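Worksheet: the structure to be examined is printed underneath.
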Amino acid sequence: TRVTTGAWPKTLMTTSTTLRALTNGNFLSCSTGTDLARIYDNTATQVFTTAVSGIAGTTDLYGCAVLSDGTVAIAWNGTTDTIQIRSSNLATVLASYSNITTTVLSNPRGIAQALNGNILVVDNTANHIAEITTSGTLVRTFGDAINTPIDIFVVPSY
């Protein structure tokens, strides 16, 4: 049971694209526009730095994931589509992959961590999945039979 006191942030109701639970009871919210990536506690109070892309013309954040080591993967969408791996408090960019020299990412949306630890990102325009290492290296693209995907979920191994 989750009990929330106080006012729920209006930006979460209007611009949030992804909410992800953190192991400490907090949650990660990723949003388009000016309310980008933030971590909230269970009272809906922002507790860490807001993550912004820092890339000119790239402000929309359509997907984020909490990785197994506690870091956060973010899919930025805009002029230079970029996948960033950030520290658990969002303050530091640890690695990134962008489409500056390739067209692998043209409209990144959902993002998840594969069982092998790599990042999977669905691209809504290229209609495929890109697999990227947590150090920011492209491994491959696959699944070009999918049509305008917006999210991805990895089923855990049991």
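Please go through region 120-141 and give me each residue that is over 15 Å from Ala95 (Cα atoms) and open to solvent by 60 Å² or more (accessible area, probe 1.4 Å), ordered by number.
Thr125, Arg140, Thr141
I need every pair where a residue in region 145-158 that is open to solvent by 60 Å² or more (accessible area, probe 1.4 Å) has its Cβ under 7 Å from the Cβ of a residue that is among the basic types (Lys, Arg), sequence separation at least 6 or different chains.
Pairs that qualify, where the first residue is open to solvent by 60 Å² or more (accessible area, probe 1.4 Å) and the partner is among the basic types (Lys, Arg), are Ile150/Arg109; Asp151/Arg109.
Looking only at region 86-103, count every residue that is surrounded by 12 or more Cβ atoms within 10 Å (Cβ to Cβ) and at pLDDT 85 or above and tell me the total.
12
Taking into account only those residues within region 66-83 that are open to solvent by less than 10 Å² (accessible area, probe 1.4 Å) and not in a loop (DSSP other than H, G, I, E, B), which is farthest from Asn26 (Cα to Cα)?
So, considering only residues that are open to solvent by less than 10 Å² (accessible area, probe 1.4 Å) and not in a loop (DSSP other than H, G, I, E, B), the one farthest from Asn26 (Cα to Cα) is Thr82.
Would you confirm whether any residue within region 39-61 is closer than 21 Å to Thr137 by Cβ, assigned to a strand (DSSP E or B), out of contact with any helix residue (DSSP H, G or I) (no Cβ under 8 Å at 6 or more places or on another chain) and open to solvent by 30 Å² or more (accessible area, probe 1.4 Å)? Break it down into steps so the answer makes sense when it comes.
The initial filter retains those residues of region 39-61 that are closer than 21 Å to Thr137 by Cβ, namely 53-55, 58.
Subsequent filtering for residues that are assigned to a strand (DSSP E or B) retains 55, 58.
Narrowing further to those that are out of contact with any helix residue (DSSP H, G or I) (no Cβ under 8 Å at 6 or more places or on another chain): 55, 58.
Cutting the leftovers down to open to solvent by 30 Å² or more (accessible area, probe 1.4 Å) gives us 55.
Yes, region 39-61 contains a residue that is closer than 21 Å to Thr137 by Cβ, assigned to a strand (DSSP E or B), out of contact with any helix residue (DSSP H, G or I) (no Cβ under 8 Å at 6 or more places or on another chain) and open to solvent by 30 Å² or more (accessible area, probe 1.4 Å).
Condition first: part of a strand (DSSP E or B) and of a type in the set (S, T, N, Q). Now tell me which residues in region 107-150 satisfy that. It would help to see each step written out before you state the result.
Kept after step one, since they are part of a strand (DSSP E or B), are these residues of region 107-150: 108-113, 119-123, 128-132, 138-142.
Gln113, Thr141 - these are the residues of region 107-150 that are part of a strand (DSSP E or B) and of a type in the set (S, T, N, Q).
The values are calculated or read from the model by the stated rules, or taken from the named source; none is laboratory data. Quantities reported herein were computed from a predicted structural model and do not represent experimental measurements. All Cβ positions, even for glycine, are placed from backbone atoms using ideal geometry, and neighbour counts span all protein chains on display. Surface areas here come from the heavy atoms of the whole protein model, side chains and all, with no ligands, DNA or RNA. Shrake-Rupley method; radii C 1.70, N 1.55, O 1.52, S 1.80 Å.
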